[in-house]
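First comes the structure, then the notes that go with it.
The values are calculated or read from the model by the stated rules, or taken from the named source; none is laboratory data. For clarity, every value in this text was computed on a predicted model and none was experimentally measured. FYI the Cβ positions are ideal-geometry reconstructions off the backbone, even for glycines, and counts take in every protein chain you see. Just the protein is used for accessible areas: all its heavy atoms, side chains included, with ligands, DNA and RNA removed. Shrake-Rupley method; radii C 1.70, N 1.55, O 1.52, S 1.80 Å.
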Amino acid sequence: MRQIKRAAVLGAGVMGATIAGHLANAGLDVLLLDIVPGELTKQEEAKGLTLESQIVRNRFAVNGLQGAVKSRGLYHRNFTKQITVGNFEDDIAKLKDCDWVVEVVVENMAIKKSLLTEKVVPNLADGAILSTNTSGLSVNAMAEMLPQSVRKNFLVTHFFNPPRYMRLLELVPCNETDPEVMAYMADFSSRRLGKGVVYAKDTPNFIGNRIGVFTMFNAMQHMLDLKMTVEEVDAVAGPATARPKSAIFRTCDLVGNDTLVHVANNSYELLPNDEQREIFKIPEFFSGMIEKGLLGNKVKQGFFKKDKTGINFYDYISGEYKASEKPKFDSVLATKGLDDPAKRLQAVVAGKDKAAELAWRNLRDALIYSVKRVPEIADDVVNVDNGMKWGFSWELGPFEMLDALGVRYFVERAEADGVEVPEVLKQVESFYKFEGAQKYAWDLVAGEYREITSPSNQIKFDILKRADKVVESNSDASIFDLGDGVFGLEFHSKMNAIDDDILNMTAKAVERAENEGVGLVIGNQGKVFSAGANLAKIAAAINDGNFDQIEQIIRGFQTSLMVVKYAHIPVVAAPFNMTLGGGCEVALHADAINAHAETYMGLVEIGVGLLPAGGGTKEMALRAIEMSAPYRADVSPFLGKLFNNIVMAKVSGSAFELNDMGMMRAGDAITMDIDSLIADAKQKVLALANNYRPKQPLENLKAPGRSVASALKSQMWNMMAGGFATEYEAEMGAIIAEVITGGDVPTGTLISEQHLLDLELEAFLRLCGNPKTLERIEHMLKTGKALRN
């Protein structure tokens with residue numbers, strides 16, 4: 001069986017170094033190589049180094065790795081230990097130990113040919129996979145340089161920047177690539193690298209950049225025609241049209257305006273038969289920006305620039321920056337509050353202002369362009385849709401957008417504009433349809449619907465709903481039958497904020513699993529696992545002076561999570577993305593956590609003037625005691641570390657940091673592929689269920705007591721004195737210190753888990769009575785940002 005254990009990345013620029021970082025994220029040993037420098041830097045000369053010094057010879061790879069770490073390209077700082085740096089002269093022979101070699105040097109065919117034929121091929125291990133990260137050069141033209149024996153293992157693996165965060169990976173075979181190699185790389189890339197894989201063809205810029213860059217340059221053209229500003233375009237071309245907040249021009253700045261110009265020029269030169277070729281011509285104002293060095297975020301000025309006065313946008317008429325005008329349009333306002341991207345699309349194009357007109361024109365042209373690209377750039381609509389969702393963060397792919405708008409409506413309106421519409425759009429009612437739980441996609445070539453098959457290692461809630469697998473539901477949560485006796489609890493409130501409906505369904509899910517199954521998964525497939533408790537409800541109760549209601553809310557939260565912790569069946573939480581406050585507390589009370597790699601988890605309640613009172617503070621106390629027990633050591637250093645999680649509102653940068661924070665433990669797991677998360681959590685439930693032993697509430701715990709609390713309070717005072725905490729944060733920290741140490745009792749006093757919960761509740765109510773807490777809550781609800789009062 002083929003296995004990839006060690007990989008080499010050739011080229012340590014921004015892309016190569018961050019690809020190396022992500023391969024290390026996946027657990028591979030990585031060799032990162034680049035050229036040998038031709039001259040010394042002033043710093044190297046000052047140190048007395050020469051061109052023969054190893055650190056000089058490896059300079060480009062060393063700097064690349066440092067850049068990858070600085071840009072958070074690695075999940076954990078320790079993962080750098082898996083990356084060995086070197087250069088093409090001294091270390092190229094080490095390729096013989098590599099199972100996969102990725103070429104990521106400059107987009108120049110002559111340079112790639114020299115590297116591949118003169119250095120790589122002579123040192124490549126038999127059967128090793130060789131891939132190129134090219135986005136603009138022909139894979140078949142590159143394959144012609146290679147020996148026949150290498151071609152069968154050669155393909156394009158086109159990562160999107162930054163590789164850690166951008167899910168898309170485009171795989172492109174050459175004419176002689178072994179289909180088994182393609183299948184293996186697709187499986188490996190999704191399972192181990194967490195990538196969303198699409199199959200593209202050997203055409204310039206493949207799928208994502210071909211359609212994405214067309215859409216951006218088309219928007220520029222309509223902006224000029226409608227005499228709109230870049231700020232006005234971005235106001236409508238983001239979430240209102242099911243695209244990311246970076247919209248058009250903030251995306252340009254993010255990608256790099258010079259990079260976009262390169263891609264557009266490449267498209268213009270290599271696509272002589274493209275009916276929209278002229279769109280790829282660089283507008284005069286854009287060329288002027290490049291000449292001025294306005295390249296985007298990497299130089300801190302592009303279409304937007306931030307200074308002491310705030311955000312400024314580039315006025316392409318005057319060539320100067322103007323202060324943000326924060327444009328408002330009725331068509332965009334009509335999309336506010338609409339969670340369904342399809343409804344947002346319908347609302348914005350129905351508008352009558354110029355923003356609606358730009359949205360319609362840009363969507364019309366981009367969707368027609370996408371239809372015409374099949375089968376040129378991909379064999380089916382699914383690969384195109386996935387490419388745009390995973391590579392450009394669109395909420396809906398082009399064909400999903402057509403379905404959202406209504407194909408018939410789209411055709412009639414486009415023809416009314418005098419635009420030629422592809423015949424296929426007149427022949428199909430929709431590009432996707434369901435028959436029961438089976439999803440189909442329209443095959444543009446065959447002219448019929450084809451089944452969309454999901455991998456066996458994926459569970460999708462939307463499919464389960466169509467298969468009548470929902471066993472109980474309310475407005476904010478549902479219980480699913482996941483099969484094999486495992487049930488799933490899904491949150492689906494706004495931002496999955498935890499409220500009474502979710503807590504009630506939590507208790508019911510545990511009861512059902514205990515009576516009818518073997519275990520429970522808590523997870524969902526929304527945008528976030530949970531942003532925390534329902535703050536608006538707490539704020540309303542504080543304003544009303546209804547502290548009895550607040551006590552009822554907290555007691556209910558604590559009771560529900562204790563039900564989870566002491567269930568008679570295993571409960572596994574499957575957190576991902578934002579898992580904050582109450583969401584974090586839910587995960588902490590499960591028997592095990594199976595987290596997605598990109599999990600940003602923490603107890604952040606201090607930011608709104610509160611403490612974790614659903615059992616979060618209690619769990620930090622218990623885990624500190626647990627961590628110190630094997631060593632029969634003083635609990636203080638362990639408690640101090642976990643206390644800092646709360647008072648500093650620490651949030652993990654990835655799931656791999658959660659062990660350091662005491663929030664994940666031995667036996668917990670991390671999944672790279674988000675689509676496999678629920679299925680992996682289910683498998684963990686089944687593994688635990690074989691020999692599950694229910695736990696009992698903890699009694700006779702030795703409280704750290706007031707002496708340890710005093711030390712923690714001193715720490716908070718020092719933080720305040722050093723300007724790291726406000727006076728109120730120090731006051732809150734002192735209250736949290738009393739709770740996490742078991743209250744105002746002597747060290748060693750025997751306490752129970754319930755005692756800690758009671759202390760949480762008492763402290764929560766105390767903080768709710770402070771006006772500064774209400775200020776913090778209301779500021780968060782209004783701005784989405786923490787107030788440091």
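Looking at the stretch 34-49, is at least one residue in contact with a Pro (Cβ under 9 Å, 6 or more places away or on another chain), hydrophobic (A, V, I, L, M, F, W, C) and touching a residue at least 40 places away in the same chain (Cβ under 8 Å)? Break it down into steps so the answer makes sense when it comes.
Filtering the stretch 34-49 for residues in contact with a Pro (Cβ under 9 Å, 6 or more places away or on another chain) gives 44.
Checking the rest, the ones that are also hydrophobic (A, V, I, L, M, F, W, C) come to none.
No, every residue in the stretch 34-49 fails to be in contact with a Pro (Cβ under 9 Å, 6 or more places away or on another chain), hydrophobic (A, V, I, L, M, F, W, C) and touching a residue at least 40 places away in the same chain (Cβ under 8 Å).
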- line: When the stretch 751-775 is checked residue by residue, the ones that are over 35 Å from the mean Cα position of the chain (by Cα), over 17 Å from residue 616 (Cβ atoms) and touching a residue at least 60 places away in the same chain (Cβ under 8 Å) are 769, 770
Odd one out for residue 456 among (1) free of Cβ contacts under 8 Å to residues at least 24 places away in the same chain; (2) open to solvent by 60 Å² or more (accessible area, probe 1.4 Å); (3) closer than 19 Å to residue 434 by Cβ: (3)
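Can you find, within the stretch 669-695, the residue that is nearest to residue 574 (Cα to Cα) among those that are touching a His at 6+ places or on another chain (Cβ under 7 Å) and open to solvent by less than 40 Å² (accessible area, probe 1.4 Å)?
By that ranking, first place goes to 677.
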Search result, residues across the stretch 637-659 that are open to solvent by 40 Å² or more (accessible area, probe 1.4 Å) and either under 23 Å from residue 73 (Cα atoms) or not basic (Lys, Arg) (or both): 637, 638, 648, 650, 651, 656, 657, 659
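Do you know which residues across the stretch 143-155 are part of a helix (DSSP H, G or I) and either among the polar types (S, T, N, Q) or open to solvent by less than 10 Å² (accessible area, probe 1.4 Å) (or both)?
The initial filter retains those residues of the stretch 143-155 that are part of a helix (DSSP H, G or I), namely 143, 148-151.
Once the filter is applied, which keeps residues that are part of a helix (DSSP H, G or I) and either among the polar types (S, T, N, Q) or open to solvent by less than 10 Å² (accessible area, probe 1.4 Å) (or both), the stretch 143-155 yields 143, 148, 149.
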query: In the stretch 627-634, is there at least one residue being open to solvent by 10 Å² or more (accessible area, probe 1.4 Å) and under 32 Å from the mean Cα position of the chain (by Cα)?
result: yes
message: Here's a check for you: in the stretch 14-36, which residue that is within 12 Å of residue 103 (Cα to Cα) and within 23 Å of the chain's Cα centre (by Cα) is surrounded by the most Cβ atoms within 10 Å (Cβ to Cβ)?
response: 20
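Output the residue which, of all residues in the stretch 37-61 that are open to solvent by less than 40 Å² (accessible area, probe 1.4 Å) and hydrophobic (A, V, I, L, M, F, W, C), is nearest to residue 123 (Cα to Cα).
Selected residue: 61.
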Which numbered condition residue 429 fails, given (1) charged (D, E, K, R); (2) over 18 Å from residue 363 (Cα atoms); (3) open to solvent by less than 40 Å² (accessible area, probe 1.4 Å): (3)
task: Could you please let me know if residue 540 is at pLDDT below 95 and open to solvent by 10 Å² or more (accessible area, probe 1.4 Å)?
output: no
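Tell me yes or no: at least one residue of the stretch 693-703 is outside any loop (DSSP other than H, G, I, E, B) and at negative phi. Full working, then the answer.
Keep residues of the stretch 693-703 that are outside any loop (DSSP other than H, G, I, E, B), which gives 701-702.
Within this subset, residues satisfying the condition of being at negative phi are 701-702.
Yes: the stretch 693-703 contains one or more residues that are outside any loop (DSSP other than H, G, I, E, B) and at negative phi.
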